[in-house]
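Take a look at the structure set out below.
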Amino acid sequence: MKGHASEAELNDRIDGGLALRRRPELDRHLAACAACAARYATAEQTVKRIRALSRRAQAPRPVARPAPAARDRRRHQGLNQ
Ligand SMILES: [Zn+2]
């Protein structure tokens, strides 16, 4: 591998889209080059965070608050006492 890994190569490696025959070459470079290893780790973290966020966005929202109707009923009961 000549020079450092490109952003595209790092992203492809994370996505698993990098051609298999090129992966050993990139992995060797990542093992030997702290700069690219750090860039790879940062890019991997970003991808994981985005995937976690999109999973959370797709999940059904937990019902944490009472429905507005229930809140209104309690308020009316309070006024009547
Ligand atoms: Zn490098």
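What does a probe at I50 reach in the range 1-30, counting residues whose amide N is under 12 Å from the point 7 Å along Cα→Cβ?
Those under the cut-off are 8, 11-12, 14-15.
Using the count of nearby Cβ atoms within 10 Å as a rough guide to exposure, how do R65, R13, R22 rank from fewest to most?
Numbers: R65 8, R13 19, R22 13.
In order of increasing Cβ crowding within 10 Å: R65, R22, R13.
With all distinct Cα pairs included, what does the Kirkwood hydrodynamic radius of the range 1-60 come out to in Å, to one decimal, could you say? Please report the intermediate quantities before stating the final value.
Numbers: mean 1/r = 0.0809 Å⁻¹.
Hydrodynamic radius (Kirkwood, Cα only) of the range 1-60 equals 12.4 Å.
To make sure I understand, if each residue's beta carbon is the centre and we count other beta carbons within 10 Å, what order do D15, D27 fall in, fewest to most?
Numbers: D15 9, D27 13.
Ascending Cβ contact count within 10 Å gives the list D15, D27.
A short reminder: the numbers here are calculations on the coordinates, not readings from a lab. Remember, predicted model here, so these are calculated numbers, not experimental data. FYI the Cβ positions are ideal-geometry reconstructions off the backbone, even for glycines, and counts take in every protein chain you see.
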